[in-house]
Amino acid sequence: RTLCSPLPHQPTRHPAMGNKCMGSTVKTAGEQKVAGGAAGSLAPVEWTDNILLLSDSYKVSHYMQYPKGTQYVYSYFESRGSDREGWTEVCFFGLQYYLRRYLEGVVVTKEKIAEAEMYYADHFGDGTTPNPAMFYKKGWEHILNKHGGKLPVVIKAVPEGMVIPCKQVLLTITNTDPECFWLPNYLETLLVQVWYPMTVATNSRYQKLSIHNYLEKTGNEGWAIPGGSALKLHDFGFRGVSSVESAAIGGAAHLVNFMGTDTVASMLCAHRYYGAKKAAGISIPASEHSTITSWGEKGEVDAMRNMLEKGEVDA
């Protein structure tokens with residue numbers, strides 16, 4: 001997809017925006033100006049994770065709904081199957097990312113409890129009057145005071161990357177403190193996000209099996225990297241997913257089966273959350289519409305010559 005097709009030596013600009021972008025001036029981090037021309041320091045707005053707020057609203061009141069005397073809740077996740085013929089297995093992947101990213105260590109603090117108390121009071125109110133009764137402040141303060149802000153749960157799972165038949169347990173979670181029986185399923189909302197990387201890894205694996213099949217049928221004999229299927233399916237999905245995080249974890253799931261990727265975030269995910277010692281994916285120099293069309297309609301040969309010559313110098 002091309003935003004614009006500039007003539008040679010003309011500045012590139014989005015056709016709908018003119019020469020400026022809504023009054024913004026792009027400068028280095030220490031010199032940035034706010035959109036519209038107002039001077040000041042402009043920095044990214046960071047998202048601070050609050051585990052108390054990473055759940056569905058209806059779960060906030062579930063602590064009141066369990067039978068009196070409940071002490072432990074043991075929950076499990078499974079793949080219920082696929083409507084695609086022959087897709088009878090899943091490739092389990094992604095749990096370690098969510099554990100290390102959101103659940104590991106001290107995740108409950110008095111500041112986060114206060115923030116959740118404020119939001120939920122308004123959230124469960126009628127639009128004019130807050131309703132603080134739904135939020136289980138006492139339960140979260142118990143976790144903070146007794147467990148130092150660490151979550152009293154045990155999560156068990158099959159090894160990541162393992163192929164498991166559908167309708168089999170993939171992971172389980174239970175509480176270790178009887179006062180926190182409500183906690184395992186409070187975390188469900190976050191934990192079920194593992195379905196996304198699992199789906200990518202599973203889809204990717206079935207494509208790999210198909211590629212293997214046709215490589216064999218067409219006489220392939222070199223299976224060692226970089227031969228075989230290692231670089232036969234390339235991930236260019238960064239721009240097509242919903243967020244940077246989706247690109248990272250979904251791209252890492254692709255790397256379970258293949259090595260080719262242009263999704264840089266996937267390699268950072270593999271390094272930071274899975275201990276990869278070096279870049280887990282491989283790519284090559286490549287062109288795009290803007291680099292070719294900038295040579296003009298009659299300059300295609302010159303564009304090819306430029307890439308070949310620059311490639312020789314850089315090599």
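So here's what we get for this one:
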read-out: Candidate set from segment 51-95 (those that are of a type in the set (S, T, N, Q) and surrounded by 17 or more Cβ atoms within 10 Å (Cβ to Cβ)); member that is nearest to ALA157 (Cα to Cα); value: SER79
read-out: Filter result for ALA157 (of a type in the set (Gly, Ala, Ser), over 20 Å from ARG100 (Cβ atoms) and at pLDDT 95 or above); value: no
read-out: Top-ranked residue in segment 153-178 [being without any contact (Cβ under 8 Å) to a residue 60 or more places away in the chain and more than 25 Å from the chain's Cα centre (by Cα); ranked as most open to solvent (accessible area, probe 1.4 Å)]; value: THR176
read-out: Segment 179-202, residues that are open to solvent by less than 50 Å² (accessible area, probe 1.4 Å) and either farther than 17 Å from TYR97 by Cβ or at pLDDT below 95 (or both); value: CYS180, PHE181, TRP182, LEU183, PRO184, ASN185, TYR186
read-out: Helices (runs of 4 or more DSSP H) contained in segment 203-315 and holding at least 2 residues open to solvent by 80 Å² or more (accessible area, probe 1.4 Å) and touching a Lys or Arg at 6+ places or on another chain (Cβ under 7 Å); value: none
read-out: Test: ILE113 is in contact with a Ser or Thr (Cβ under 8 Å, 6 or more places away or on another chain), among the aliphatic types (A, V, I, L, M), touching a residue at least 60 places away in the same chain (Cβ under 8 Å) and not in a loop (DSSP other than H, G, I, E, B); value: no
read-out: Residue pairs meeting the criteria (Cβ under 7 Å; at least 6 apart or on separate chains; first in contact (Cβ under 8 Å) with a residue 24 or more places away in the chain and of a type in the set (Val, Ile, Thr), in segment 281-292; second open to solvent by 60 Å² or more (accessible area, probe 1.4 Å) and not in a helix (DSSP H, G or I)); value: ILE282/LEU231
read-out: Complete set of residues in segment 273-314 that are more than 30 Å from the chain's Cα centre (by Cα) and acidic (Asp, Glu); value: GLU297, GLU300, ASP302, GLU309, GLU312, ASP314
read-out: Test: GLU104 is open to solvent by 80 Å² or more (accessible area, probe 1.4 Å) and either among the aromatic types (Phe, Trp, Tyr) or over 22 Å from the mean Cα position of the chain (by Cα) (or both); value: no
read-out: Residue in segment 108-128 that is under 25 Å from ASN257 (Cα atoms) and exposed (fewer than 15 other Cβ atoms within 10 Å of the Cβ) present; value: no
read-out: So PRO130, is it part of a loop (DSSP other than H, G, I, E, B) and under 25 Å from the mean Cα position of the chain (by Cα); value: no
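The values are calculated or read from the model by the stated rules, or taken from the named source; none is laboratory data. Nothing here was measured: the structure is a model prediction, and the numbers come from that model. Using ideal geometry, Cβ is built from the backbone for each residue, glycine included, and neighbour counts are taken over all protein chains shown. Areas reflect the complete protein model, heavy atoms only, side chains present, ligands, DNA and RNA absent. Shrake-Rupley method; radii C 1.70, N 1.55, O 1.52, S 1.80 Å.
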